[in-house]
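Please treat every number below as a calculation from the coordinates, not as lab data. Here the structure is a predicted model, which means the values were calculated and not measured. We place every Cβ from the backbone using ideal geometry, glycine too, and count neighbours over all the protein chains shown.
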């Protein structure tokens with residue numbers, strides 16, 4: 001396992017250790033610390049943190065925006081995937097939104113460390129309707145994206161902080 005993956009797992013466990021219940025899956029490759037199992041409707045991906053919340057889609061978007069704001073993120077872009085697919089391809093799709101979240105202080109530090117990192121910004125957070133009164137919220141793992149950039153300690157520091165804040169926002173949704 002690479003060093004950054006080990007650090008990502010440690011940071012994610014530290015962010016979520018001892019917090020309230022709910023369905024969250026930590027990445028890379030771990031269920032919630034101390035839990036030992038994956039909750040229903042939850043899954044792991046090597047590139048993000050996912051939770052399922054008991055909230056209808058519109059409410060989940062509102063709560064996600066608020067949780068991001070609490071962690072210093074603004075939403076720069078909002079892509080309504082359902083609407084876009086209907087307009088461009090005339091196909092139906094579940095309610096699904098991609099929020100482009102940006103923490104200005106972290107973005108500045110990342111760009112100062114590597115101007116090319118702008119290709120990876122903003123941090124995407126998705127919200128989608130599960131069709132059963134629940135919604136799924138997932139946030140990118142900035143450390144996974146960092147794997148594209150290569151070894152840059154200054155950028156790694158920013159990615160760690162961004163990961164902690166994004167995961168804290170997802171964790172907040174479970175207790176709200």
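Numbers below:
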{"read-out": "Residue satisfying condition, being in contact with a helix residue (DSSP H, G or I) (Cβ under 8 Å, 6 or more places away or on another chain) and without any contact (Cβ under 8 Å) to a residue 40 or more places away in the chain, within set 158, 137, 149", "value": "149"}
{"read-out": "Scan of region 73-108 for residues that are surrounded by fewer than 17 Cβ atoms within 10 Å (Cβ to Cβ), more than 18 Å from residue 135 (Cβ to Cβ) and in contact (Cβ under 8 Å) with a residue 24 or more places away in the chain, ordered by number", "value": "74, 76, 77, 100, 104, 105"}
{"read-out": "Check on residue 69, within 21 Å of residue 174 (Cα to Cα), out of contact with any strand residue (DSSP E or B) (no Cβ under 6 Å at 6 or more places or on another chain) and without any contact (Cβ under 8 Å) to a residue 12 or more places away in the chain", "value": "yes"}
